[in-house]
Every structure is written in structure tokens, then in C-alpha cells.
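I have placed the structure first, in the form of C-alpha cells, so that the comments after it can refer back to it.
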Amino acid sequence: MTATSANAIVNGRSGTGARRSKGWSPRTESTLRIVAPISFGLLVLGIWQLLVTVGGVDDYLLPSPTSIVAELVEFWPAVVSATVLTGTNSLLGLLVGSLVGIVLAAIAARWRIADQMSAPIVAALAVVPIVALAPVLNSMFGADSQFGRQAIAAIASFVPIFINTLRGFRQTKPVHRDLMKAYAANSGQMLRSLTLPTARPFILTGIRIASSLAVISALVAEYFGGPRGGLGSLIATSAASSAYSRAWAYVGASIALGLLFYLATLALERLVLRRVPTGGSR
Amino acid sequence: MTATRNDKRGEVAVRLEKPSGAVANPARSRLLAGFLWGIAGVVSIALLWEGYKFFGPDNGVLIGELRVLPRTTDLAMPHLWDMMVRLAEPVTRADGALPLWAVVALAALLTLGIAAAGWAVGVVVGVGFALLMQRWRLAEFGLLPWIVISQTVPLIAFAPVVKSWGSRVEIGSFEWQDWMSVALIASYLAFFPITVGALKGLQSPDRIHVELFETYASGYWSTLKKLRFPAAVPYLLPALRLGAANAVIGAVVAEVSTGLQGGIGRLLIQFAGQASGDPEKAWGPIFGAIILGLVAAGSVALLGIILKDYRRTEEAA
Amino acid sequence: MSDQILNSAALTEAQRTAGDMDAAAVSVRGVNKQFQTATGVVHALEAIDLTVSAGEFVSLIGPSGCGKSTLMRLIADLDDPTSGELTVFGKTTTQARLDQDYGIAFQQAGLLPWRTVAANVALPLELHGVASAARRARVADLLDMVGLTEFADRFPDQLSGGMQQRVAIARSLAEQPRLLLMDEPFGALDEMTREKMQTDLVRIAADTGAAVVFVTHSIPEAVFLSDRVVVMSPRPGRISQIVPMRLNAVAGREDRSDNLREESSFFEMVTEVREALHGGAADGTADEPRGARGVDTR
């Protein structure tokens, strides 16, 4: 905490400038919010094209968008079946992870001991590379099984769902609990009319966060062996055989899959929460 | 992996670390109880493993074709104590071979180093982006949606492609090393949560504080130093911890997909290949990876202890 | 009727300014402030004229929405007027801010939670490059003045609301400003603490000789503290009347104490300000009949 330089006063103008430049009207602001990201995206795409066509960047460094699309068309059936395979693994993982996460969080919210016992395990799961389990899961469940990937997707999605749900179950306000108590509500009624509605937005946020994780984990688990045919293993084999445009085509498919999962869970969240607009803040 | 995730994961750590500030005796005994129950939780997982191995059918539990519970043979589920014993034994039968744990530890150290390099790059780039977006709202409008979207797509899929980039880069005497590809992928994963966390943190000062600094005619840099960065600490720490965890994951996966030798990712694959003859050996690098993740996240948590004065609001909340 | 009052107020202002131009701590001339909102334009301030002399204690009082806080923010250069002219010690408000001619305190203490009490008070000194030895001495003086010496190493979350506010006031005094701007600084405090802080503030202002612009919505507070009370009315925000306090006829400002709160002159002034407030609201915006409120002797 040494004294700052005396030019703080000299620099004062910049602070003023920053404040006053924010004077956009609400309309300008909402326009900019849409225009700015689109123009940035187009800018990047343009630079990419320019690099490849004019700059003469080699195909193995950065294939042009057109060659990627060409590969996508040529290998369309393989892309679709790979996306379906990885997508199924991710979806199963997400479903199981959600279910287990919500049930365990309910138990941890109800019994303090369960919370204390699970805390270190969940904290550890949040920071360790779960994909490392892939090889042993393959030998536990059989090398021809997709189960290892599904299990990894499930564990990866379990973490944010458990944490969010537990947090959601803890959001009920004392005044509401007192009210329910004054109504002599039993624990079932309490759960139905207070705890669950309060926790709902948190659960859905957890699922949305988990959706992308499930896809990433299922895909990455394929790098660790097991049956071929998913997006991850196809990206790896294409890159290994120097078919970079094809690798990029599969990368594109995996981006689409990740976005699909994210948007689907986002839509679910919006749909459910629209009916209970203030679910989180009451 | 959206903005909220920082907080959610951060929450766990906060909850675990919270008692550190309390000195009263009841708080301490509660901490001790929590610690003991935590151990009980870990032990119960071990009991579950051994219990299922003892009672479960050899071929696992199948519903139709799908095996929903694993096989319980020693090949599929070795005894925990066998795994521990195996860690102490030499890695191969060759003379002078190091014990398994030492090999795993060396590999984990290498991976930790690569992940740390990636994390550092991720911190610089992430905080840089956050500063940019905090300073100019137009930059926030233009970049943030892309950053959020990019968190939802499995960009780690790029890993095999990045290696091919690296092998072509040669600038003067500088030659791109394979480990740099791995660090690059690690930094790529670390950068996202750090950007989002740092931006949230830099934007977190209350209006009243911002105006106070304005009345002091405080310039951009001194406001940054005295207000925005200190206020960002509670947001930055979970982001940095998540970034560290992501860097480790990225490094492990990138080692596998780029085929880099010497790291823990390579060991995972290599020892899994030998699992049919030596099933316990495959678990060595897994324990290594778990400890690696804990060490990486724990180092950042240490940072949180040093910066505890900047987290008072967080503890009070 | 309100025009008449306005004119007479403007006249006094003009006279005051003519008399002592250089000494004017704050001069506001024909200031208008409009805000652009989603529902249209809001006239926050209209045709404001006000002069605060050096060393003078002026309170701004009025119902919510009368623009009293906005006026203070304009003086502090936290916002720009739509039209009109503001000067602080004869400079533009921006220059006055850059020169650190004023200290400011808000309704919330606004202490930085990661800094100790002493470090919070030292913040402006630190930002303006005061050497650390001088800084320590000054902080010790200030904490002594607000009676918080023992709490120098505590953190804000370990203090009560009143203590936090005292730290904020010490901070606003750190650079010995000739002008203090205070936006309802005691608004969030309980009654007992509030009265004590008022007494302290009167003493501090007298000791330092600083001019004070004090925003409040409490009539007794304004009366107790001020040399003049500026009564404002809302929609659009205007000055409806300026009431000079005749308390200091008996006692100098530094001699004001809690006894004053029980003197008849105090109640007379409270009544006068209240009538000015209600009179200002009489042209269409009164929501309660006159006299319906009891004597608010806060």
C-alpha cells in the first residue's frame, strides 16, 4: 500500500471520459448488443477467409470453410452416425447424472451428516480430471461397451447439478419456513409447496451447465480407447491420418452437438421458469 | 460451463474453507466434526467398492445386453489394498526400475508443470480480455456472447488439430515443442472461466464506490489497483481455481490426444494397455491424476488464504 | 405565489453573491437537469439558483423526487447539468473535483470492506500521493476526532452502522476540504446515534471552518445543523423557499449542543421550515392536508 503517483489527478480525465461515454440511450444499447457480436463474428470469418485464400495459409494449418463443408457433405452419413452415438452417450450421462445429483442433493439437504460426508468427495470430483477413469471403466464394463463414456458423462454432469440443487434447497427463507410451520404443514407439503419451487431454478441452471459438460466429457472419453465410431475417435483418427479438413468437419459436428445440448437445456429452463417468474428471488 | 459455474463450484470451496476465519471453540469442534465426517464419506466409498466386489456377481449386473454394474473379478475391480501394494512395487520387472508411485509422481509433476504454464497463459489472456471488456462496453457486447457460446462447445476436440499446427511452427531458433501444444490446449480451457470471473469481479464494485473514486479524481489505473482488482478477488479466486482444474483436465486430455510422452495422460493409456496382465497398475496414474487435480486447485486455494482480507464480504455473506 | 418566493430567493442570492463573490463555496446559476428514461423526459431540476458562502452550513430538504440529491451530485461533478452554470470556489465543478476542493459522504458509509478503518480513512490521501508518515499522522488525528482511535485496525464488517458512518465522515475530512458534500449521511442510523452524530458534525464543521451542503429529509436535523435551509419541491425539482435559521442569534455555531433541541427558537424554526415545505407542496402536489402531521421533533 504505497502512495500512488501524483499523476492520479492528471489521469482523472480518463475516468470522467469513461463515465460520460456510457451515456447511450436504452435503444442504442440494445441495438449495439446485437450488432456488435454479429459484426465481430463476421470480422473473424472474413479474416479466416482472407488468411486462407489470399494469405496462402496451408490446408493443414487452417482449412478453408469451403473445404470443411465439402468434407462434411462427403462424409455426411458417418458424421450423422458419429454425432448420434456421442449424443446418445452424452444424453444418457446427463439424465443419470441429473437424477443422481438431485436425489443426493435432497438427501444432503435433509441430513447434515450426508452433506458432510459428500462434501470432500464432491469438492474433489469438481477438480480432478474425471476422464482419467475412462481406461479402467472400459475394463470394468467391457471394452466393447459405451458404458464407460456414459458413466464419465454422468459423473461430470453430476457435479454442477448436485452443487446447484443443494444450494437451491438451502434458499428457502426463514419467513417462508415460519409461515409453513404456522400453517402446520407436514414435511410433504413443505417439500411440494416451498422447497421444490424455490430450488427449481437452481436445479435447471445446474442441468444447463451440466449439458455442455456431458458432451465434452463423452467426447473426450473417446480419446482414451474403447469402441470407435463416435465424434471424438473420428476426430483423432482423421487428424492422425492428416485428413485435417475431415477432422474439422467432425469438430464442427461436435460444436453443433454441444450447442444443441446447451440450447435445449436453456429452452427447458426458460420454459419452466416462465411459468414461475420469480421462483428464485422470492 | 457458463458464467454461473464459477460461483457454483466456488460455493463448495467457500463452504469448506469458511470455518478457517472462526476461532471460537464450538466452531473449531464443528470443523473437526466436519473433517471426520468427510473422512467417513471417503471411507464409505471404499467400503462400497469392496462390499460390491465381495457380494456382486462375477460378470456384473446386466439388464438385457447392457451391463449396468461392473464385473467384480480381480481383473476388473482390483482390491483397494492390492492397488496400494502395487504402488510401492517397481513399475517393471527390469532391474533398477523405480517403484510405481515414483513413476506416477514424476509424470504428474511434468503434467503439473505443463498445466501451470497453460494456466499462467490463461490467466494473462483471461484477465486481459476482462480488462478490455470492462473498459469498453462495446468490446463486452461484441466478445462476451462468443465467449459464453464457446464455453458450451467441446473445443477440446481441437486437441488433435493443435498438434499439427505446432509441428509446423518454427521462428528463427525458436522451435515449437510438443509440450507447448499441450500447454496451449490447457490454457484454452483455463482461459474461459478466468475471463468470465475476472469480468464479473472487475464490474462488481458498487456504484457508491465507483463514484467515491470519481470524486477523488482517481485515474483509470489507480482505480483499477485500489478498487477494481481488490473487489474482484472474491470472483477471481473461484475462477482461478476452476481455471486450474480445467488446465489439468486439458493437459491430461491433450497429452493423450497428441501422444506426448512422459506425462500422466500417457501413463493412463499405457498402463491401461497392460491392465489385462497387471490390473492394479492401471490405477496408479488415476490416483496420480486425482492428486494432481487436488494439488492444482489447492495451490490456488492457498492464494485465497493470502488474500483473505479481500474476501471479507464473501465470508460475511 | 411560488414565483414570488423564487424571485425573492433569487434576489437574496444575488445580493449575497455580489457581497462576497470570491468566497462563494458553491454557486449555482439557472441550472436545469433532465433525465432521459424509457417513459420519457424527467425534469429533475428546474431553474435552480443557489449560493453557498465559505464556511456556511446549508441543508437541502424536500420530499423524495425533489432533486436534492441530484443537485448535490451536480455540485460534486458526478453528473452534468442539462443547462446552467455551476462553480465551486469559482472553478468549474470538474476542476474543483480534480483539485480535490471538496470531501463527500453518502447515505451508505461506502467503506471498502477489504481495508481496515485506518486504511479506509487513508484512501484519499493514498490516492493523492501523501507520504506515508504524514498519512499516518493525519489518519490518527481524524480517528481521534471521530472517536474511533481504538478501532483503527478493525474491518468495516466489525463495526456498527454508526461507527461506519463516522469512519466515512473522517474519510471525507481527510484532505481538509473547504467544502463538505453530504447526502443523507445519517439517514440509515438510529435516532440516538443520529443526534450524537449531528452534534459531532456541528462541532467538526465549526472546527474546520468548512462549508457544508447537507441533503436530508428530516426537518429537525436540517434546523439543528444549518445556517440556512433550502426547501425544495418535486416535479419538477425547484427551490421553493430558503429559510435562514435564526438560532445562531443566541449562540454561535460551535456552541450548539443538545440543549438547543429543547429551546423554543428551535421549535419555531422547525415550524417555519415545515410550513415552507407544505407551502411548496400546496400548488397541486400536496398529498396530505396541512396540519395533519404532528410535530416531527427528530
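The values are calculated or read from the model by the stated rules, or taken from the named source; none is laboratory data. In this text, all values refer to a predicted model and were calculated from it rather than measured experimentally. With ideal geometry, Cβ positions are generated from the backbone for all residues, glycine too; neighbour counts draw on all protein chains shown.
From the set of residues in the range B:260-281 that are small (Gly, Ala, Ser) and touching a residue at least 12 places away in the same chain (Cβ under 8 Å), which is nearest to A:Ala126 (Cα to Cα)?
So, considering only residues that are small (Gly, Ala, Ser) and touching a residue at least 12 places away in the same chain (Cβ under 8 Å), the one nearest to A:Ala126 (Cα to Cα) is B:Gly265.
Which residues, taken from the range B:169-220, are under 30 Å from B:Val300 (Cα atoms), free of Cβ contacts under 8 Å to residues at least 12 places away in the same chain and touching a Phe, Trp or Tyr at 6+ places or on another chain (Cβ under 9 Å)?
B:Trp176
Of all residues in the range B:286-306, count the ones that are under 22 Å from A:Pro135 (Cα atoms), aliphatic (A, V, I, L, M) and within 8 Å of chain A (Cβ to nearest Cβ).
Going through the range B:286-306 one residue at a time, the tally reaches 5.
Is it the case, given these coordinates, that A:Ile102 is surrounded by 15 or more Cβ atoms within 10 Å (Cβ to Cβ), more than 10 Å from every other protein chain (Cβ to nearest Cβ) and hydrophobic (A, V, I, L, M, F, W, C)?
yes
Using the structure shown, decide if A:Arg208 is among the basic types (Lys, Arg), within 12 Å of another protein chain (Cβ to nearest Cβ) and farther than 18 Å from A:Ala108 by Cβ.
Yes: the conditions hold for A:Arg208.
Pull up the range B:80-109, narrow it to residues that are without any contact (Cβ under 8 Å) to a residue 60 or more places away in the chain and either within 14 Å of chain A (Cβ to nearest Cβ) or among the polar types (S, T, N, Q) (or both), then point me to the one that is farthest from A:Val136 (Cα to Cα).
B:Thr92
Taking the conditions exactly as written (surrounded by 22 or more Cβ atoms within 10 Å (Cβ to Cβ) and farther than 30 Å from C:Met197 by Cα), does C:Lys68 satisfy them or not?
No, not satisfied.
So which residues in the range B:228-265 are at pLDDT 85 or above and facing another protein chain (nearest Cβ under 7 Å)?
Scanning the range B:228-265 gives B:Pro230, B:Ala245, B:Val248, B:Ile249, B:Val252.
Determine, yes or no, whether B:Arg312 is facing another protein chain (nearest Cβ under 8 Å), crowded, with 24+ Cβ neighbours inside 10 Å and assigned to a helix (DSSP H, G or I).
Criteria not met by B:Arg312.
I need every pair where a residue in the range A:177-203 that is farther than 21 Å from A:Ile102 by Cα has its Cβ under 6 Å from the Cβ of a residue that is assigned to a helix (DSSP H, G or I), sequence separation at least 6 or different chains.
Going by the 6 Å Cβ cut-off, the qualifying pairs are A:Met180/A:Met190; A:Met180/A:Leu194.
Kindly establish whether A:Leu194 is away from chain B (no Cβ under 13 Å), part of a helix (DSSP H, G or I), of a type outside the set (Lys, Arg) and within 27 Å of A:Ile161 (Cβ to Cβ).
Yes.
Would you call B:Thr195 β-branched (Val, Ile, Thr), farther than 22 Å from A:Leu219 by Cβ, crowded, with 24+ Cβ neighbours inside 10 Å and at pLDDT 85 or above?
Criteria met by B:Thr195.
Considering (1) more than 10 Å from chain B (Cβ to nearest Cβ); (2) surrounded by fewer than 19 Cβ atoms within 10 Å (Cβ to Cβ), say which one A:Gly93 fails and leave the rest.
In the conditions (1) more than 10 Å from chain B (Cβ to nearest Cβ); (2) surrounded by fewer than 19 Cβ atoms within 10 Å (Cβ to Cβ), A:Gly93 misses (2) alone.
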